[in-house]
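Inspection log for the structure reproduced underneath, given as structure tokens.
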Amino acid sequence: MVPLEWYLLLAFALFVIGVTGVLIRRNIIMVLLSIELILNSANITFVAYSYYLQSIRGQVVVFFVLTMAAAEVALGLALVIALYRVRAVLNVDEMNLMRW
Amino acid sequence: MIQLAWLIPIFPALGALVNGLFGRTHIKDRAHLVAIGAVAASFLISCLVFISMATGTPATTITLYEWIAVANFKVNVAFLIDPLTAIMLMVVTGVGLLVHIYSSGYMHHDEGYWRFFTYLNLFMFSMLILILGDSYLLMFVGWEGVGLCSYLLIGFWYQKPSATRAGNKAFIVNRIGDAGFLLGIFTIFMTFGSVRYLDVFPKAGLATESVATAITLFLFIGAMGKSAQVPLYVWLPDAMEGPTPVSALIHAATMVTAGIYMVVRSNALFALAPFSLEVVAVVGAITAIFAASIGLVQTDIKRVLAYSTVSQLGYMFLACGVGAYLSGVFHLFTHAFFKGLLFLGSGSVIHALSGEQDMRKMGGLYDKIPITYKTFLIGTIAIAGIPPLAGFWSKDEILTSAFAGGHYLLWGVAVVTAFMTSFYMFRLLFLTFHGQSRVDHEVEHHIHESPSSMTVPLMILAGFSLLVGMLVGFPPESGWIHHFLSPILAKGGHEEGHPLSLGLELGLMALSTLVAVSGWALARQFYIKEPQLPKMIAERAHGVYTTLVNKYWVDEIYQAVIVRPLLWFSNFLWTFDQWVLDGLVNASGWITLLESRISEIFDIYIVDGTVNGVSATLDVGARGLRRLQTGAVQNYVLAMVTGIVVLAVVFMF
Amino acid sequence: MTAQLLFLYFAAMILGGAVVAVASPSLIHSALALLVTFIHVAGIYVLLNAEFIAAVQIIIYAGAILVLYLFVLMLFNPKQERFYLHRQLPVGIFLGAVLLGLMFLAAFKTKIIAQTGTFTVDSVRAAGHTQAIGKVLYTDFIFPFEIASFILLVAMFGAILLAGRRGAPKKKPERSETAGNGKAAHVEALSSRETMKEDASLAVQARRIVNEEQKAL
């Protein structure tokens, strides 16, 4: 039997890596990529709990999270494209249109 | 007739008003007409009143109006007409009229002609109020009025600093007496509940002896000031700075007699205070001899007469003190005439000598100004007390009363004074009119007899001095005047002392005569026969002579002991006041300034501080917070993650 | 035993892939590492008796999302990302370490207090996982389900609008000046023909992406 804690640890580690990636990465697409890792970690947690609590609801939530992830990626990348049109940069540091 | 008495003071009052308001601009040289007219009218009515009183009208009170009515203090403006008042009226208006006529000649060339008559009329008004008033308060009103007029008239030639000083001195010394007078009035009111004569005298028995003594002593202090007794006499010699008619009227015949009048009026109260009577008599005697001694060596003609007045006033007080009130009044009566005559005569001499007053520069005038000389001679004989002139009768009465009352010491003093009086008066006569002429050369050319406006009054007064004594006061103690005046005495206040035998009386009369004649003889010796004698004696008795000439240094003593310390003290007070006042004002100013400074600083720091602080805080805060809004999403992510970490930490621990 | 080993393998691969994805300078390598991660996550799901979810994971994440990323990457053809020392690098690593530490601490502290549900492993296996989810999804979660579809619709619209051809959001010349401080030279005045060319190519790509998405669902 795999203890629940292992799954949780896994999920949390994945989460940390994802957050680190968001903070460190300079390319906007890579930032969005790291966000996927975070979402995945959340999914793992939900499923683990669903298994150990013997409830199907966790998986239903995962279902929706997946949907959200997909929508978010589509829109995010569309935004990147739109932004690239305005300024030909993919470096977050140079995206300073909102800067005063 | 007597009901018209209220008019008596009104005429001079109107005269003063008219002359005062219009004298400078419209009336000018004719001021004397107004003044003399007013006084003549008063005199006329006074005569009528006198006649009415003499023919048996009882004492009457004429009320004019209610003056003060406060709680239980009621004073009316009312006049009491009784024998004493009638006599005084005759003296005041009669001599006053003659002096007014004399002044029209004497002051003819003076610039302040109209002013002089204004003041003279004002004085007449005040004096009349004084003697007519039916209460002590009204008497005090007149008292102050004559004091004021005395000041105004002494300092009439106000450009002369000595005159203004003399005026101040007179007023201030008088004031000291007035303080006593006021205390007397207060005590009277406290004791009797009223200040009217007719309320107080019948109830005189209400006062205990100590209260009566207090009252009478207070009143006498007032009399001392007004009537120039020791120690408040010092103003009278200096008062000679005023014009001679003033000296004649005020300082010989009328104002100075106000004190005597007051004492005689209050005889009911004095009767209850034998101690006060003693004080009065002693003070009178001391004054008489003291002043006479100074008069022996004075060189100014008016000064001699001034000291003589002081001395004669002492006589009058002596008379009152031994209980011989009527004799005192009699002497007052006769003294008014011959002293007035003497003063006016001296004025005539001064006028003739174009202003010279020093006797050492006179002499040999008897044939140059004969009328003046003859009248002056009559006055001198009268004052010396040689019968049958007026002065003898009154003076002799006083001496006899003193002797009869057992006051032998006082009698002795009075006799010596009589001798001195005779001596210095004849000395004055001889130095002025007889002997070698020591007159200045230029003055000599202008010597002329005075105009009739001046000589006629002299002659009238001389006539009175000759006759009035015998007419009114003979026989002694029971002449007409004594009967006339006796109602004013309180019951049982009549001259005390055992009646003397006729022989003793005649003997005393002879003694007085002898004394007066010897005075004349000695003066004749000194100043006619052997003119060098005075100088020799002066050198021999150098100390005595110097003392007398310097008037016992009384003025100097007063100056050093009283005036200077007072001045120092008031200066000190002034300085202290300055310090305190200045200090207070400055301090308050300083405090206000300081407070405002503090306020200012406080205000600046607080207000500025608050405002600036608020803005600075906002500024810094905003500046700092603005940094958060980078616009870089990465920073926002970082912030979020940081928040997560913090939350995790919080939740875990 | 087997389960644990499998778990360890999957976990290792997941974490390894994740680290590579985050740390790799090459963007394509990151995307591919992410692919590895996704597949192994599906494996975890299988371990947890969630076959349907595992399948969906593969299909959507590995099949659609990752492909989308690759498309975009290839579209932009970026250079290798250079890791330079920017402001957030040390902070990021620090925070990551902190979180890691927290994780270890938390792991051995927490207790789970919850109600166990009714869906035992056996019942799920008996019914078939898909059916199990479907039952719940279309009864209790019908409303979120509809919302989710609506969201997908909106995403589609958004993607088209945002990444669509140039002419769609009309830019007026004044707006370009007032938008911003003038520091950024953000608007390049391109001729209309050039814009149309760009629009065409991009529009085609966008449509393709949308179609792929629809197919996936």
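The values are calculated or read from the model by the stated rules, or taken from the named source; none is laboratory data. Only a predicted model underlies this, so the values are computations on that prediction, with no experimental measurement involved. In this analysis, Cβ positions are derived from the backbone assuming ideal geometry, glycine residues included, and neighbour counts consider all displayed protein chains.
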> Is it true that some residue in the range B:203-221 is surrounded by 23 or more Cβ atoms within 10 Å (Cβ to Cβ), over 19 Å from B:G314 (Cβ atoms), among the polar types (S, T, N, Q) and under 20 Å from the mean Cα position of the chain (by Cα)?
Replying inline: no
> Which pairs have Cβ atoms under 7 Å, sit 6 or more apart or on different chains, and link a residue in the range B:107-133 that is closer than 21 Å to B:S42 by Cα to one that is acidic (D, E) and surrounded by fewer than 24 Cβ atoms within 10 Å (Cβ to Cβ)?
Replying inline: B:F116/B:D110
>> Take residues that are touching a residue at least 12 places away in the same chain (Cβ under 8 Å) and under 20 Å from B:L122 (Cβ atoms) and tell me which of the helices (runs of 4 or more DSSP H) falling wholly in the range B:147-245 contain 1 or more.
In response: B:161-192, B:209-226, B:235-238
> Does A:G58 fit the bill of being buried (at least 18 other Cβ atoms within 10 Å of the Cβ) and modelled with pLDDT of 90 or more?
Replying inline: no
>> Go through (1) surrounded by 14 or more Cβ atoms within 10 Å (Cβ to Cβ); (2) at pLDDT 80 or above for B:N571 and report which single condition fails.
In response: (1)
> From the list C:N49, C:N77, which one is on the phi > 0 side of the Ramachandran plot, surrounded by 14 or more Cβ atoms within 10 Å (Cβ to Cβ) and at pLDDT 75 or above?
Replying inline: C:N49
> On the given criteria, is A:I29 under 25 Å from C:G158 (Cα atoms), away from chain B (no Cβ under 13 Å) and in contact (Cβ under 8 Å) with a residue 12 or more places away in the chain?
Replying inline: yes
> Can you pull out the residues in the range B:352-376 that are touching a Gly at 6+ places or on another chain (Cβ under 9 Å) and at pLDDT 85 or above?
Replying inline: B:T372, B:Y373, B:T375, B:F376
>> Would you confirm whether or not the range A:88-97 contains a residue that is under 20 Å from C:I65 (Cα atoms) and either under 11 Å from the mean Cα position of the chain (by Cα) or buried (at least 21 other Cβ atoms within 10 Å of the Cβ) (or both)?
In response: yes
>> Criterion first (closer than 16 Å to B:Y197 by Cα and not aliphatic (A, V, I, L, M)) does B:T60 satisfy it?
In response: yes
> Can you spot a residue in the range A:8-15 that is surrounded by 24 or more Cβ atoms within 10 Å (Cβ to Cβ), facing chain C (nearest Cβ under 7 Å) and closer than 19 Å to A:D93 by Cβ?
Replying inline: no
> Any idea which of B:V611, B:V607 is farther than 30 Å from A:I24 by Cα, exposed (fewer than 11 other Cβ atoms within 10 Å of the Cβ) and at pLDDT 85 or above?
Replying inline: B:V611
>> Filter the range B:293-303 down to the residues that are more than 16 Å from B:V234 (Cβ to Cβ) and part of a helix (DSSP H, G or I) and list them by number.
In response: B:I301
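The rows are residues; the columns are (1) surrounded by fewer than 18 Cβ atoms within 10 Å (Cβ to Cβ); (2) within 13 Å of the chain's Cα centre (by Cα).
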site	(1), (2)
B:M127	no, yes
B:A166	no, yes
B:K169	no, yes
B:N174	no, yes
B:G193	yes, no
B:Y197	no, no
> Out of curiosity, is C:V36 at pLDDT 90 or above, closer than 28 Å to C:T130 by Cβ, within 8 Å of chain A (Cβ to nearest Cβ) and under 18 Å from the mean Cα position of the chain (by Cα)?
Replying inline: no
>> Suppose we keep only residues that are more than 8 Å from every other protein chain (Cβ to nearest Cβ) and of a type in the set (G, A, S) within the range A:32-69. Which one would you say is farthest from A:V19 (Cα to Cα)?
In response: A:G58
